[in-house]
Amino acid sequence: MLSDTGHRPIRVIFLVFYVEAWDSLDSIYRAMLADQRFDPLVITIPRKLTGYDDFTDEPLISKFFTEQGIVHERFSDEDSLIGLERLKELDPDYLFLNYPWQRNYQPGYQIEQLIQFTHVCYVPYFTSSLVQEPDFDGIAPHQYTQPTHRLSHMIFLQDAEVASAFVEADYGNQIYRTGTPKIDALLESAAKTAPFWPLDRRLDSGEAPFRLLWGPHHSYGPNWLNFGVFADLCNDMLEFARTHQHIDVVLRPHPFLFGTLTDRDLMTPGELAEWKTAWAALPNTATQESASFAAIFLASDALLTDGISFLVEYPLVTGTPAIFWEKSEHWAFTHTGILAAAASIRVTAMDEFAATIAAAEAGLLPTHSEEIAELLAYVSPYPGRAAASIIELVAEDFER
């Protein structure tokens, strides 16, 4: 079938396993689907995340797209070289990735294989570059020196500093600061999404409970980011929930959290299972891992997080500051991270946190409205235009 230009449509594959951040690609895919110049296709593949013994999860990834109403092909073979040959037969002009770490891909889908027959386009899965690496002056190397960064044909970025680092590295690829579809999608979703809260209860007074969302990060030590405090805080949070049953506390863990806790010996499997059982047994607690960020953010009255992306995403959706449990040894912030932290309310101890929640219940927390506005202006330089910019740049590249 020919497009309106008289040529066959531009074939684009979205090769996906990190569906937790599909919002970084979704609007690009849907815009291409509605554009006769393009012929997009989503393909699901297995993944091996921290704590996994093998590559798995493809059925869950496929289920996600089915629930989204997105037609897709499933490459679930244990031997990824079978899938690689199928990819070659599809003969894509471009292939989009949103996840840079190649160790989590089966060998057949690693970028060194993909660039032999197509142009790889990379859109970061995260909201913004928030953290620097220790003992390194400038942009963290993991943001721009991995094989995905060096070998992708086109890279679409949200941060001016990261874009400059790519330009200086001069890998020979095309670097564009388009803004991120992830933030555009988040803001659009905030305007359209109905709030969702997994607990439905009333207090004896007939009033609704105060709703606290708890979003812990998976990092834990000096070798990687070092923001997470879950292993140190989980029992205190369990006790807080027990002694504050007029407050709903919903846990929204980072997708890597539980696997990291046991894989890196921060908790034994038995300790984690025991804690989860105790958490689930309380009438005012829940764990929620699937609702959209916008829906659960909008339903909450406050967010407690130790980082990282929630520091940006929560205030952008709700217009209110996150409560940031700040670990003193965490990696240093970038300029974006400094803005995000400034838009939050910092705590470092349980008594500070409890006092902050009491102030939130009384409506006495600072609004940080100016800081949130400054953050939004910086992380969304071209509001609502990221996906449209990306597909036009791809179309222009195809015509060269």
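Since every read-out is calculated from the coordinates, none of them should be taken as a lab result. Computed from a predicted model, the values in this text were never measured in an experiment. So basically every Cβ, Gly included, is an ideal-geometry build from the backbone, and we count neighbours across all protein chains shown.
So the values come out like this:
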quantity	calculated
Point-to-point label distance, Ala34-Glu20, nm (Cα→Cβ direction, 7 Å offset)	3.0
Rel. contact order, % - alpha carbon contacts under 8 angstrom, at least six apart, the range 157-307	32
Ranked packing of 179-190, 281-292, 107-118, most packed first, by mean Cβ within 10 Å	179-190, 107-118, 281-292
Computed label-point distance, nm, for sites Arg8 and Arg242 using a 7 Å Cα→Cβ extension	6.5
Difference of contour (0.36 nm per residue) and Cα-Cα distance, Leu60 to Asp263	70.9 nm
Fraction of the pair-distance distribution of the chain above 31 Å, Cα-Cα pairs, percent	40
Degrees separating the helix 160-169 axis from the principal Cα axis of the chain, which is the longest one	40
DSSP-defined antiparallel bridges as percent of all bridges, the range 195-379, nearest 5	5
Spherically averaged projected area in nm², based on the convex hull that wraps the Cα atoms of the range 93-201	10.2
Value of relative contact order over the chain, rounded to a whole percent, pairs C-alpha under 8 Å and six or more apart	16
The range 271-327 - Rg over Rh from alpha carbon coordinates, Kirkwood radius	1.02
FRET E, pair Ile338, Gln174, Förster distance 51 Å, beta-carbon r, rounded to 0.05	0.95
Gyration tensor verdict on the range 13-139 (Cα atoms; rounded if a/c is under 1.5, prolate if a/b is larger than b/c, oblate otherwise)	rounded
The range 239-253 - phi-based ³J(HN,Hα) in whole Hz, Karplus 6.51/-1.76/1.60, Gly and Pro as x	5, 4, 5, 4, 9, 10, 6, 8, 10, 7, 10, 10, 8, 10, x
Value of [θ]222 nm, deg cm²/dmol, for the chain, DSSP H segments ≥ 4, -39500 (n - 2.57) each, nearest 500	-11000 deg cm²/dmol
As computed over the range 190-254, the Cα convex hull volume per residue (Å³)	105
The chain - share of DSSP beta bridges that are antiparallel (%, nearest 5)	5
Whole-angstrom gap from the range 17-76 to the range 95-140, using each part's C-alpha centre	16
Directionally averaged projected area (convex hull, Cα atoms, the range 263-400), nm²	12.5
Cβ-defined net charge surrounding Leu41, 9 Å radius [Lys, Arg +1; Asp, Glu -1]	-1
Helix 369-379 axis, angle to the chain major axis (alpha carbon atoms, nearest 10°)	20
Highest-MSF residue in the chain out of Arg37, Arg103, Arg202 [GNM, Cα springs under 10 Å]	Arg202
On Cα atoms only, tilt of 350-361 relative to the major axis of the chain in degrees	90
Distance (nanometres) between label positions extended 7 Å along Cα→Cβ at Leu393 and Ile115	1.7
